[in-house]
Amino acid sequence: MKKEELLEKLNAAWDAFQEAYAGLSEAGLLEPGVTGDWSIKEIIAHVTAWEEEALKMLPLIQKGQRPPRYKDLYGGIDAFNAQKAAASQSLSLSQVLQQAQETHQRLVDYIQQVPDELFTRDTPFRRRLRLDTYSHYQEHTSAIRKWRERRGL
């Protein structure tokens, strides 16, 4: 896969993620129960937290380093998610949406400057990028769509 193809895939998944909640009222974006107890606002903050992680970990991988384990840093992935969810609770919906756009743009800008050879085969860099971005977006896009279907939205 070439970098341009990967960026197209990432952008298509990002657009689908945003479209999944487009048109909902603020109350709809704040309603709990979309995924577990999480609202769409919390899902957006969660996706942003993982994009921020990508921005921290991908440069390490690019240098040939192994990123630290979440078990060692936070007590595991679930603990990381809980910590990040708690940290985003104090943010307003508009802050979460703005942070999501800014973080996503920083991620795209970073990917555009990374050497092409990191995308030509299944590298640790490409695997981490997939897990933290477009496959992650798809997971939450699906959950939001199912929630909207159940709610008739």
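Among 37, 132, rank each residue by its count of other Cβ atoms within 10 Å, from fewest to most, as a rough exposure measure. If you can, show how the numbers build up before the last one.
On the way: 37 9, 132 22.
Ascending Cβ contact count within 10 Å gives the list 37, 132.
Filter the chain for me: DSSP H helices, axial length by Cα at least 20 angstrom, mean Kyte-Doolittle hydropathy not below 0.5. List them by residue number. Show your work: numbers first, answer last.
Values: long enough: 3-21 (28 Å, -0.69); 40-62 (32 Å, 0.40); 93-113 (31 Å, -0.76); 134-151 (25 Å, -2.13).
Result, helices passing both filters: zero.
For every helix of n ≥ 4 consecutive DSSP H residues, a contribution of -39,500 (n - 2.57) applies; sum these over the chain, divide by its total residues, and give [θ] at 222 nm rounded to the nearest 500 deg cm²/dmol.
-23500 deg cm²/dmol
Trypsin sites (Lys or Arg not before Pro), restricted to region 19-125: which are DSSP loop and have at most 14 other Cβ atoms within 10 Å?
Values: sites: 41, 56, 63, 69, 71, 84, 106, 121; in loops: 63, 69, 121.
Answer in residue order: 63, 69, 121.
In what sequence do 92, 39 fall when counting other Cβ within 10 Å, fewest first?
Values: 92 10, 39 21.
By the 10 Å Cβ count, ascending, the order reads 92, 39.
When the chain is modelled as a GNM with alpha-carbon springs shorter than 10 Å, which of 59, 124, 68 fluctuates the most?
Largest GNM mean-square fluctuation: 68.
Can you put 43, 111 in order, fewest other beta carbons within 10 Å first?
111, 43
Lysines within cross-link reach of residue 146: Cα-Cα under 27 Å, excluding same-chain residues under 8 positions apart?
Leaving aside lysines fewer than 8 places away in the same chain, those within reach of residue 146 are 9, 41, 84.
Return the long-range amide H neighbours of residue 38 (sequence gap of 5 or more, or a different chain), with a cut-off of under 5 Å between placed amide H atoms.
HN-HN under 5 Å from residue 38: 33.
Just so you know, all these numbers are worked out from the coordinates, no wet-lab data involved. Remember, it's a predicted structure, so these values are computed and weren't measured experimentally. Cβ atoms come from the backbone with ideal geometry, glycine included; neighbour counts cover every protein chain shown.
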